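*Asks:* Have a look at the structure that comes next, please.
The values are calculated or read from the model by the stated rules, or taken from the named source; none is laboratory data. These numbers come from a predicted model, not from an experiment. Cβ atoms come from the backbone with ideal geometry, glycine included; neighbour counts cover every protein chain shown.
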């Protein structure tokens with residue numbers, strides 16, 4: 001590695017380098033050598049850039065089956081691996097939403 005390696009200072013400059021690297025076929029090492037970038041800074045910025053990206057939400061297929069009825073007013077979640085989670089129907093919708101996001 002040469003002593004003249006540089007590191008972009010702006011977030012936009014790093015974003016552009018990361019996008020060009022992803023679009024190409026070079027390894028991180030080769031890309032950094034070709035563009036005179038510090039490898040450790042590039043790795044740090046690419047991880048940081050990945051964490052800043054909004055996580056895409058996806059729809060999950062749901063099968064609704066009629067089965068044994070839970071106690072009146074209960075909500076039961078059943079997973080594809082056979083697990084189930086029963087809770088009161090007055091559970092916080094915000095909490096339930098967060099749970100579903102984390103289970104996805």
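*Asks:* Considering region 37-59 alone, what residues qualify as being in a helix (DSSP H, G or I) and at pLDDT 85 or above? Walk me through it before giving the result.
*Replies:* First pass over region 37-59, keeping only residues in a helix (DSSP H, G or I): 39-52.
Within region 37-59, 39, 40, 41, 42, 43, 44, 45, 46, 47, 48 meet the criteria.
*Asks:* Checking residue 90 against (1) assigned to a loop (DSSP other than H, G, I, E, B); (2) modelled with pLDDT under 80: exactly one of these is not met. Which one?
*Replies:* (2)
*Asks:* Which residue out of 60, 64 is within 27 Å of the chain's Cα centre (by Cα) and loosely packed, with under 12 Cβ neighbours inside 10 Å?
*Replies:* Details: 64 fails: within 27 Å of the chain's Cα centre (by Cα).
Every option except 60 fails the conditions.
*Asks:* Moving to a separate point now. Where the second residue is loosely packed, with under 11 Cβ neighbours inside 10 Å and the first is under 16 Å from residue 57 (Cα atoms) and lies in region 90-104, which pairs have Cβ atoms under 7 Å and are six or more apart or on separate chains?
*Replies:* From residues that are under 16 Å from residue 57 (Cα atoms), the pairs are 104/60.
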